[in-house]
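Data first, discussion second: the structure below is written as structure tokens.
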Amino acid sequence: MMFIAFLAAMTVQEVQQPPSPPPETEEGRAVLCQQAVEANPEAGLAEANRWRARGGGLYASQCVALAYVALEQWALAAATFEQAAQVADRTGDARGADLWVQAGNARLAGGDAAGALTMFDTALRSRHLSVELRGEVHLDRARALVAQARLPQARMAIDQALELVPRDPMVWYLSAALARRQGEAPRARIDIARARELARDNPEILLLAGTIAGEAGDMAEAERLYRIVADRAPTSPAGRAALESLATMREVEVDAPQTSARPANEVATPPSPATPPPPADPRQE
């Protein structure tokens, strides 16, 4: 699951290629290698290393790194991506920017937020990033800054991403999550509503919308949204969090007659959904 989440988070030009390039091409070989890694990471790593030893170039190095990602060997993955990015930069290969982003995401997944920021900042200096990909890198920077508890800087990064990719629901989702964390309830409600407009069925977005509704005192709406998530994706992280929140709400209902009176405006807020790194990405919807 972590491998799929990583693929969703990273900005990779190869993913934007036609879905089935001819297998005799480098692009086609890269697709086959990635498929081998997904099927069996250890066997895929061995195959990717053999390909790289035979002169497979950047695609082979990238596949080696993706195998390390699948094995959750984050330091090795980051180092391999970084080495490939350096080669790309020396040769003027446009793939370098994406490789720096992948290196950053690997570092972030491994808990090295400071190292991730260095990788993302290097990517932003590239002249090969499109406007859309530049926006996604600002989003990745925001995730790293949140991991460092640098919330004002994270807000600036997310606002930059919103300017560049305003139709990406993930940006609005993370903006809402950050606003909620900073105690900016009105903005959290506005931004999560925008995320829902762009990705109506995404479980992570619905989960956060339920929590924001509950914290605003609308427990009926919170319960409705949690039930949607629990029914549609019961085994997903969002679905499990929704079930836990529903259970908490039921406990509050049972205990309510036995407790002392509460102020009328005080609500029992269900557990907060964690912000995943990244959640099932609405960009993949």
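Coordinate-derived values only; no laboratory data. Since the structure is predicted, the reported quantities are computational estimates derived from the model, not experimental observations. Positions of Cβ are generated from backbone atoms using ideal geometry, with glycine treated the same way; all protein chains shown enter the neighbour counts.
Against the list (1) farther than 19 Å from E27 by Cβ; (2) hydrophobic (A, V, I, L, M, F, W, C); (3) surrounded by fewer than 20 Cβ atoms within 10 Å (Cβ to Cβ), the condition W74 fails is (3).
Of all the residues in region 102-131, those that are in contact with a Leu (Cβ under 8 Å, 6 or more places away or on another chain) and surrounded by 24 or more Cβ atoms within 10 Å (Cβ to Cβ) number 3.
A Cβ distance below 7 Å, combined with a sequence gap of six or more or placement on separate chains, defines the contacts here; from region 176-193, residues that are under 10 Å from I212 (Cβ atoms) reach residues that are of a type outside the set (D, E, K, R) and outside any helix (DSSP H, G or I) in the pairs A177/T275; A185/A216; R189/A216. Among the residues of region 53-72, those that are farther than 17 Å from M119 by Cβ, of a type outside the set (V, I, T) and out of contact with any Cys (no Cβ under 6 Å at 6 or more places or on another chain) comprise A53, R54, G55, G56, G57, Y59, A60, A67, A70, L71, E72.
For A142, state whether it is small (G, A, S), within 24 Å of A177 (Cα to Cα) and either surrounded by 24 or more Cβ atoms within 10 Å (Cβ to Cβ) or under 16 Å from the mean Cα position of the chain (by Cα) (or both). Against the criterion (small (G, A, S), within 24 Å of A177 (Cα to Cα) and either surrounded by 24 or more Cβ atoms within 10 Å (Cβ to Cβ) or under 16 Å from the mean Cα position of the chain (by Cα) (or both)), A142 qualifies. Filtered by the rule that a residue be of a type in the set (D, E) and in a loop (DSSP other than H, G, I, E, B), region 101-124 gives a lone residue, D112.
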